[in-house]
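Student: What follows is a single structure, and I will ask about it in a moment.
The values are calculated or read from the model by the stated rules, or taken from the named source; none is laboratory data. These numbers were taken from a predicted model, which means no experiment stands behind them. Because the Cβ atoms are built from the backbone with ideal geometry, glycine has one as well, and the counts that use them run over all protein chains shown. For accessibility, only protein heavy atoms count, side chains too; no ligands or nucleic acids. Shrake-Rupley method; radii C 1.70, N 1.55, O 1.52, S 1.80 Å.
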Amino acid sequence: MVQLVGSLRKELADSLSTSKVLVVGAGGIGCELLKNLVLTGFKNIEVIDLDTIDVSNLNRQFLFQKKHVGKSKAQVAKESALQFSPSANITAYHDSIMNPDYNVEFFKSFILVMNALDNRAARNHVNRMCLAADIPLIESGTAGYLGQVTVIKKGMTECYECQPKPAQKTFPGCTIRNTPSEPIHCIVWAKYLFNQLFGEEDADQDVSPDTADPEASWNPEETAARATAAEMDGDVKRVSTKQWARSNKYDAIKLFNKLFKDDIMYLLTMDKLWKKRKAPTPLDWQQLENTGCFPEESSGSGLKDQQVLGVWGYCKLFQESVETLHSLLDEKGDGAELVWDKDDPPSMDFVTAAANLRMYIFSMNMKSRFDVKSMAGNIIPAIATTNAVIAGLIVLEGLKILAGELESCRTIFLNKCPNLRKKLLVPCILDPPVANCYVCASKPEVSVKVNVHKTTVLSLQDKILKERFGMVAPDVQIEDGKGTILISSEEGETEANNNKFLSDFGIRNGSRLQADDFLQDYTLLINVLHTEELERDVEFEVVGEAPDKAPPPQNNQGEGYGITNGNKDSAQPSTSSKVPADDDDVMVVDSDDADAEASSSSAAVTSTTKRKHSDAETGESSTKRPRTDQSSAEATPDDSDDDIIALD
């Protein structure tokens, strides 16, 4: 007869008390997960999170209270979880999991790792560390009502990076600066403007009209004359935005007229831009004030943040926020900089006002502060019940692993509405590793197109190896028979190479580079393909099945989603084309909402072949076919308002 301890077999219950597990992240999912683990009987837990508690966390991260604001999430989560099980041994780290101290040996000390992260870079890193340590990883994420849990095991399943994931969406600089056509363009511009005025200036975030816009090409002599005329009209010299603002002591009205009148008048001189577009309409503070026809009108009902002000309302908000931010800057002293934070009221007021004024100028419908904050902070609403369901599923998959039943583990999707079989939770069999994955293949290799005469060693290190391929501290040598060291992770060894071009080291079409990250125990061979035909503002292109070559989202959305944790970074690894047996269903939920209207975050789509599924709310895609038998599905409407990019 099977002995039970609570709801678990005695052997499994005993295993929990001795098994050492790692929880990465102590946020929405992490809090629920930590509570579940101690209540299930896990006794040896380590939790790591670099973040501190913010008041905006309190509505869904129930291990935290108002008195904890500003304190370490990991430490407070530990203290709160111990109240559920005082006998548990919990170690908390207020640190980044990407710190070199947490090396492969550190990961090998655990029997299981559970991710509760909210960004792709950290997920990539933990994925590689678990592969190097040969430790099972349970990956998870949520996005509103959607959620997903999957298991990753070296040699048995796809890793987190096996399947393509769309690169973060960006926009050409000339679109942001000259011809915005969507609200998100204006919001990006406003965030750039914040940095140009109050934060760290970045040449790539210039907000002035872009005279190099190829669409605006004109006669150079005429250009000079028009530019001079525009500058005289606005009494503005073409200097850096911050320099100009300082010289005018951050006068909000002068700043307003420069940004929304003079710069717009300058744009209007670029005739070719407006032949097929509606030209922008400049705003003049004095004229607006004198007309007196802009009362503090607002549209929309409900909370103040969800109302849309009138033009004059945003003018006054712009003035107030500039004055407040200037005061904060003065308090910090000379050379100080502010950092934009979506939870900082003056910063959010500034971006809301500046973005909406630009929307008005370019004939777009203005947005509420709530909408602007959602797009500017790339926020997908976090829902406590979704986090709770996903945290429970993580523990269930963990119990299978500890029971030695890895073959019964599944990827499980949580949907917003029940499908036609009245299921909210849809399990799918895990796929085997992808043979040409550039992370978990036996010999990872990738081909990259670059212009070797224009790409610097620093760009190779920062933008290709670190940003694109997720390395932390890469060492690179050229396979030229000499073992020439191009990049060293040892500080100062190869800094002299940083600003040199790849061609300066004899790198040409067909050259091979070996990149090693000893922290991740990861080696990647890079085939260099020289090209001079990259698109404007594109520094390199990855060839083949690399993530930035992910296919575009399908019109019909599936139950398999690219999942996030209140963030746009996908948490889904891969998914399977195989249909599991009926007894693998995790839960059947009967709901009166079975016929509820399909939304951008829910749908039921089925197919008998493997195909891409995309989450309209996040733009991420997955290849897992959800487990359903229907041949028809609810359609998901295309919502153009969901065009959101990660800005932070």
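Student: Pairs under 9 Å by beta carbon, first residue among the β-branched types (Val, Ile, Thr) in the stretch 286-309, partner at pLDDT below 80 and not in a loop (DSSP other than H, G, I, E, B), six or more apart or different chains?
Tutor: Matching pairs, first to second residue: Val308/Ser298; Val308/Ser299.
Student: Restricting attention to the stretch 429-466, report how many residues are of a type outside the set (A, V, I, L, M), in contact with a Phe, Trp or Tyr (Cβ under 8 Å, 6 or more places away or on another chain) and either under 17 Å from Asn527 (Cβ atoms) or at pLDDT 95 or above (or both).
Tutor: The total comes to 5.
Yes/no matrix, rows are residues, columns are (1) more than 26 Å from the chain's Cα centre (by Cα); (2) open to solvent by less than 50 Å² (accessible area, probe 1.4 Å):
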site	(1), (2)
Ile361	yes, yes
Pro381	no, no
Leu430	no, yes
Val439	no, yes
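Student: Got a sec? Which of Leu338, Leu357, Leu328 is touching a Gly at 6+ places or on another chain (Cβ under 6 Å) and among the aliphatic types (A, V, I, L, M)? Step through it out loud before you land on a result.
Tutor: Numbers: Leu357 fails: touching a Gly at 6+ places or on another chain (Cβ under 6 Å); Leu328 fails: touching a Gly at 6+ places or on another chain (Cβ under 6 Å).
Only one candidate passes the filter, namely Leu338.
Student: Can you tell me which of (1) open to solvent by 20 Å² or more (accessible area, probe 1.4 Å); (2) β-branched (Val, Ile, Thr); (3) within 28 Å of Ala382 (Cβ to Cβ) is the one Val434 doesn't meet?
Tutor: Going through the list (1) open to solvent by 20 Å² or more (accessible area, probe 1.4 Å); (2) β-branched (Val, Ile, Thr); (3) within 28 Å of Ala382 (Cβ to Cβ), Val434 breaks only (3).
Student: If you check Lys242, Lys261, Lys237, which single one turns out to be in contact with a Leu (Cβ under 7 Å, 6 or more places away or on another chain) and at pLDDT below 85?
Tutor: Details: Lys261 fails: at pLDDT below 85; Lys237 fails: in contact with a Leu (Cβ under 7 Å, 6 or more places away or on another chain).
After applying the criteria, what remains is Lys242.
Student: Let me ask you something else. Check off (1) aliphatic (A, V, I, L, M); (2) in a helix (DSSP H, G or I); (3) at pLDDT 95 or above for Val476 and give me the number that stays unchecked.
Tutor: (2)
Student: Taking the options Leu39, Leu22, Leu16, name whichever one is in the same structural domain as Lys153 (by the TED database) and either at pLDDT 95 or above or under 27 Å from Ile380 (Cα atoms) (or both). It would help to see each step written out before you state the result.
Tutor: On the way: Leu39 fails: either at pLDDT 95 or above or under 27 Å from Ile380 (Cα atoms) (or both); Leu16 fails: either at pLDDT 95 or above or under 27 Å from Ile380 (Cα atoms) (or both).
Just a single option satisfies the conditions, and that option is Leu22.
Student: Does the stretch 288-301 contain any residue that is at pLDDT 90 or above and either open to solvent by less than 60 Å² (accessible area, probe 1.4 Å) or part of a loop (DSSP other than H, G, I, E, B) (or both)?
Tutor: Keep residues of the stretch 288-301 that are at pLDDT 90 or above, which gives none.
No, every residue in the stretch 288-301 fails to be at pLDDT 90 or above and either open to solvent by less than 60 Å² (accessible area, probe 1.4 Å) or part of a loop (DSSP other than H, G, I, E, B) (or both).
Student: Checking the structure you have, find out if any residue of the stretch 411-426 is in the same structural domain as Leu131 (by the TED database), within 28 Å of Met156 (Cβ to Cβ), of a type in the set (Ser, Thr, Tyr) and touching a Leu at 6+ places or on another chain (Cβ under 8 Å).
Tutor: The answer is yes; a qualifying residue exists.
Student: For the stretch 80-105, name all the residues that are among the small types (Gly, Ala, Ser) and more than 18 Å from Asp51 (Cα to Cα).
Tutor: Matches in the stretch 80-105: Ser85, Ser87, Ala88.
Student: Let me ask something else about it. Looking at the stretch 332-359, I want the residues that are within 13 Å of Glu320 (Cβ to Cβ) and touching a residue at least 40 places away in the same chain (Cβ under 8 Å) and have a partner that is outside any helix (DSSP H, G or I) and open to solvent by 10 Å² or more (accessible area, probe 1.4 Å) with Cβ atoms under 6 Å, at least 6 apart or on another chain. Which pairs are those?
Tutor: Ser347/Trp340; Ser347/Asp341
Student: Any idea which residue in the stretch 88-122 is farthest from Ala26 (Cα to Cα), counting only those that are among the polar types (S, T, N, Q) and at pLDDT below 95? First the steps, then the outcome.
Tutor: Within the stretch 88-122, the subset among the polar types (S, T, N, Q) is 89, 91, 96, 99, 103, 109, 115, 119.
Checking which are at pLDDT below 95 leaves us with 96, 99, 103, 119.
Numbers: Ser96: 12, Asn99: 17, Asn103: 20, Asn119: 13 Å.
Looking at the filtered set, the residue picked out is Asn103.
Student: List pairs: first in the stretch 360-381 and modelled with pLDDT of 90 or more and polar (S, T, N, Q), second outside any helix (DSSP H, G or I) and open to solvent by less than 20 Å² (accessible area, probe 1.4 Å), Cβ under 9 Å, 6+ apart or cross-chain?
Tutor: Every condition considered, the pairs that remain are Ser363/Pro280.
Student: Which residues, taken from the stretch 80-104, are free of Cβ contacts under 8 Å to residues at least 12 places away in the same chain and of a type in the set (Asp, Glu)? Steps first, answer last, please.
Tutor: Step one: list which residues in the stretch 80-104 are free of Cβ contacts under 8 Å to residues at least 12 places away in the same chain, which gives 83, 86, 99, 101.
Across the stretch 80-104, the qualifying residue is only Asp101.
Student: Which of the residues belonging to the stretch 365-375 are open to solvent by less than 30 Å² (accessible area, probe 1.4 Å) and closer than 11 Å to Ile187 by Cβ?
Tutor: We begin by selecting, within the stretch 365-375, every residue open to solvent by less than 30 Å² (accessible area, probe 1.4 Å); these are 368, 372, 374-375.
Val372, Ser374, Met375, listed by residue number.
Student: Among the numbered conditions (1) touching a helix residue (DSSP H, G or I) at 6+ places or on another chain (Cβ under 7 Å); (2) part of a helix (DSSP H, G or I); (3) among the hydroxyl-bearing types (Ser, Thr, Tyr), tell me where Ser85 comes up short.
Tutor: Of (1) touching a helix residue (DSSP H, G or I) at 6+ places or on another chain (Cβ under 7 Å); (2) part of a helix (DSSP H, G or I); (3) among the hydroxyl-bearing types (Ser, Thr, Tyr), only one is false for Ser85: (2).
Student: Separate question: Restricting to the stretch 501-534, and then to whatever is outside any loop (DSSP other than H, G, I, E, B) and of a type in the set (Phe, Trp, Tyr), can you tell me which residue is least open to solvent (accessible area, probe 1.4 Å)? Walk me through how you get there before you give the answer.
Tutor: If we filter the stretch 501-534 for residues that are outside any loop (DSSP other than H, G, I, E, B), which is where we start, we get 501-505, 512-517, 522-530.
Next, from what is left, pick out any that are of a type in the set (Phe, Trp, Tyr): 501, 505, 522.
Working: Phe501: 77, Phe505: 51, Tyr522: 12 Å².
Among residues in the stretch 501-534 that are outside any loop (DSSP other than H, G, I, E, B) and of a type in the set (Phe, Trp, Tyr), the one least open to solvent (accessible area, probe 1.4 Å) is Tyr522.
Student: Does Gly481 qualify as being part of a loop (DSSP other than H, G, I, E, B), within 21 Å of Asp516 (Cβ to Cβ) and more than 26 Å from the chain's Cα centre (by Cα)? I'd like the intermediate steps shown before the answer.
Tutor: Values: part of a loop (DSSP other than H, G, I, E, B): yes; within 21 Å of Asp516 (Cβ to Cβ): yes; more than 26 Å from the chain's Cα centre (by Cα): yes.
Here the answer is yes, as Gly481 does meet what is asked.
Student: Also, quick follow-up: Being surrounded by fewer than 23 Cβ atoms within 10 Å (Cβ to Cβ) and of a type outside the set (A, V, I, L, M, F, W, C) is the filter here, so list the residues in the stretch 398-408 that pass it.
Tutor: Step one: filter the stretch 398-408 for residues surrounded by fewer than 23 Cβ atoms within 10 Å (Cβ to Cβ), giving 399-408.
Selection gives Lys400, Gly404, Glu405, Glu407, Ser408.
Student: Let me ask another. Across the stretch 446-467, what is the number of residues that are touching a residue at least 60 places away in the same chain (Cβ under 8 Å), under 11 Å from Ala515 (Cβ atoms) and open to solvent by 30 Å² or more (accessible area, probe 1.4 Å)?
Tutor: Here the count works out to 0.
Student: Can you name the residue in the stretch 418-428 that is in contact with a strand residue (DSSP E or B) (Cβ under 7 Å, 6 or more places away or on another chain) and either among the aliphatic types (A, V, I, L, M) or open to solvent by 20 Å² or more (accessible area, probe 1.4 Å) (or both) and is also farthest from Leu58 (Cα to Cα) among such residues?
Tutor: Per the criteria, the residue is Val426.
Student: Condition check: open to solvent by less than 30 Å² (accessible area, probe 1.4 Å) and either in the same structural domain as Leu524 (by the TED database) or among the aromatic types (Phe, Trp, Tyr) (or both). Does Leu393 satisfy that?
Tutor: Values: open to solvent by less than 30 Å² (accessible area, probe 1.4 Å): yes; either in the same structural domain as Leu524 (by the TED database) or among the aromatic types (Phe, Trp, Tyr) (or both): no.
No, not satisfied.
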